[in-house]
1. If you go through the range B:53-66 one residue at a time, do you hit one that is within 24 Å of A:Lys261 (Cβ to Cβ) and facing chain A (nearest Cβ under 9 Å)?
2. Restricting the search to the range A:2-39, which residues are open to solvent by 20 Å² or more (accessible area, probe 1.4 Å), closer than 16 Å to A:Gly92 by Cα and touching a strand residue (DSSP E or B) at 6+ places or on another chain (Cβ under 6 Å)?
3. Suppose we filter the range B:114-137 for residues that are surrounded by fewer than 14 Cβ atoms within 10 Å (Cβ to Cβ), within 11 Å of chain A (Cβ to nearest Cβ) and at pLDDT below 95; how many remain?
4. Of the conditions (1) under 19 Å from B:Ala22 (Cα atoms); (2) open to solvent by 10 Å² or more (accessible area, probe 1.4 Å); (3) more than 10 Å from chain A (Cβ to nearest Cβ), B:Arg99 fails just one. Which one is it?
5. As an exercise: evaluate A:Glu264 against (1) part of a loop (DSSP other than H, G, I, E, B); (2) more than 14 Å from chain B (Cβ to nearest Cβ); (3) acidic (Asp, Glu); (4) touching a helix residue (DSSP H, G or I) at 6+ places or on another chain (Cβ under 8 Å) and give the number of the one condition it does not meet.
6. Starting from residues that are under 28 Å from A:Asn324 (Cα atoms) and of a type in the set (Asp, Glu), keep the ones in the range A:132-183 and report whichever is nearest to the other protein chains (Cβ to nearest Cβ).
7. (1) more than 11 Å from chain A (Cβ to nearest Cβ); (2) aliphatic (A, V, I, L, M); (3) surrounded by 14 or more Cβ atoms within 10 Å (Cβ to Cβ): which one isn't true of B:Ala108, the others all being true?
8. Looking at (1) within 28 Å of A:Ala275 (Cα to Cα); (2) more than 21 Å from the chain's Cα centre (by Cα), which is the one condition that is false for A:Gln76?
Amino acid sequence: MAIPQRILDAGSIVGVGESRHVKRSGKSTNELLIEACKNAMDDAGIDPKEIDGVIVADERVSFKPHKFEIEFGLKQRRFHAMSPWYGGCNQGWSITMACMAIAEGLANNVICYMGRASVTERENWDPRKVHADDPYKSLMEVPFGWFPQPVYFATYARRHMIEYGTKEEHLGKIAVAMRLHASKNSNAVVRDAITLGDYFASPYVAEPLRRPDCCLINDGAAAVVVSRRNSERDFRKEPIRVIGASEAHEPGLTHWPQRAKYTETTAGLTTDAFAAAGIRQDEIDFAVIYDCFTSTLMLQIEDLGFCKKGEVGDYIDSVGVDINSKMPINPHGGLLAQSYVQGMNHIVEAVRQLRGEADLQVEGANLGVYSGFGDTDHSTLILAKG
Amino acid sequence: MTTSQGAFLTLEQRLVKPFWDAAANGSLSFPRCTECQTFNWYPTLLCHNCYNKEREWVPSNGKATIYSWSVVAFPFLPELSDQLPIIPASIDVMDVGIRMVTRLVNVAAGELRPGMPIEVTFREVGDRILPLFQPTL
């Protein structure tokens, strides 16, 4: 369902910041987030004490709003929010939620953040944990070996191959593109590119997925500052705004295997973001798409309407997804090669692209889309300057 | 609620217990609302259709078709490492109209086809009886 334009019009993204993205930092999630938040506020040119709204884009994050306030010496908070889902929907949601708080007069400067010391704090952040902790999954799925994520997403990929003849090579081309992009990114976990030959030489993890098809698990954090648009003040950088957004939710995490069609994602229910923004898919200059697996990125290309259902194999072969293509996808390297910050790093990248300050800059980047996959929860943002 | 041994069961443990008890007795059974006859899967406290709490557990004839699968040689679950590779699968149990997950046995990976007819076979794995599935002979 599209987010009302009145809400989106109220806010601008004025600052973005990240921690260093490394495999193992030796730092806690809280420390990585403090760094990312400080960098975002410095990027915006605002004093931390001007922040009056704090949005945590994942309820598992230990750095809750009151900890932010204690750390930065805030004396008062006007707005806070935290989201329960897992995956990329939270991040798009946090930006539109920030806009809503501003639109309703509940805040003027909102910081949205996500971070996870997935390796240093492995016990808290083992990606399998959210699934193993789910009672239906632990009681009804784990006993059968239907666990963890690579297994589920392998079956989604296989179904697409069955129905449409998509090939492993198509997954491989996505993996190769992500590694190419990250190799040009000064802040990425994996800096060495691979060839399709390297891809096919990797053993299967859960057929048909191989290790390069699976996202990173690493330490990293990212933050975004959303401020009242058209306010009297100057910010350090050109503001970026969301000109169209949509969010959709289908029944619960527990029911993932029961999705009727594995070839379709909830992204398909958010294409009204384009109509709301008054733009067509072919006008988008770049996309940042949640890439927990190459196969999930692939499905979103179709479901967002960049090609017809079933034709993404042809799209990958003829249009391509890397920096040399008409619409580069994840110029930062994504979750697959840059960092597993569940899409907040994708929004940061989108802002940098639109400002013209990205490491691997898409020429003439004026319109971008964020596709925040969370399986049964999805958030899509169309971003532009201003 | 507690078991006869006095251990506390969570809501979800209580709701799924009849499935595993039935499996231990060689039956693949699913919960159907006594009011509106809707099958609720995974089992919920209230019928998701009419909010009734009462269920009857209906035995299935165990015939299903394959929807999708993966072949897994990686030891994600240490307790299954002596059985690798395993074939976790998503299947459609036809008489009750339920999509469930399971493992496929007595079949080579290369033989697998979507829509392949399969049937339940009960296997002891670890401390319980699991309803696994094999190609219909």
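1. No, the range B:53-66 contains no residue that is within 24 Å of A:Lys261 (Cβ to Cβ) and facing chain A (nearest Cβ under 9 Å).
2. A:Ala2, A:Ile3
3. Qualifying residue count for the region: 3.
4. Single failed check for B:Arg99: (3).
5. (2)
6. Looking at the filtered set, the residue picked out is A:Glu168.
7. (3)
8. Unmet condition: (1).
The values are calculated or read from the model by the stated rules, or taken from the named source; none is laboratory data. Because the structure is predicted, anything quoted here is derived from the model rather than measured. Heads up, the Cβs are rebuilt from the backbone with ideal geometry, glycines too, and the neighbour counts pull from every protein chain shown. These area figures cover heavy atoms from the full protein model, side chains too; ligands, DNA and RNA do not enter into them. Shrake-Rupley method; radii C 1.70, N 1.55, O 1.52, S 1.80 Å.
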